Amino acid sequence: MTAAVIVLGISMPSGVMAESTNQTMQIAQEEVQYEKMNVEDLPEAVTQAISEGYADYTLSEAYMGTDGSYKVKLTKEEEKIAVFFNASGEFLKIEQGEEPAGEVPVE
């Protein structure tokens, strides 16, 4: 049994393990571009998520992203937010204020 352990211990070259742990991986992420769309054309799941989570807000604008996500601009008195959802109505993120997150004007 001792011989089997020794054989397994030297069967894995240490250089292979050291090389794989020292490598770094770079991921290129493209910026999502958003194109304005009609609010009425939002998927039902997104409109449902807005009505459930942001009932006190007014939906003013909607955008579809190049990655299939949706950005909606909501207002409540002086507060302005942009909320992002996937096509299934799942919350992705929220941004405060009116920064244009990759918006493309519709011609």
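The values are calculated or read from the model by the stated rules, or taken from the named source; none is laboratory data. If you're wondering where the values come from, they're calculated on a predicted model, not measured in any experiment. Glycine gets a Cβ as well: all are built from the backbone with ideal geometry, and neighbour counts include every protein chain shown.
A few notes on this one:
- So residue 42, is it closer than 15 Å to residue 94 by Cβ and aliphatic (A, V, I, L, M): no
- In the range 56-82, residue surrounded by the fewest Cβ atoms within 10 Å (Cβ to Cβ) [restricted to those that are among the charged types (D, E, K, R) and within 14 Å of residue 46 (Cα to Cα)]: 61
- Test for residue 40: is it over 14 Å from the mean Cα position of the chain (by Cα), exposed (fewer than 11 other Cβ atoms within 10 Å of the Cβ), acidic (Asp, Glu) and modelled with pLDDT of 95 or more: yes
- Residues of the range 21-37 that turn out to be modelled with pLDDT under 90 and part of a loop (DSSP other than H, G, I, E, B), as a count: 8
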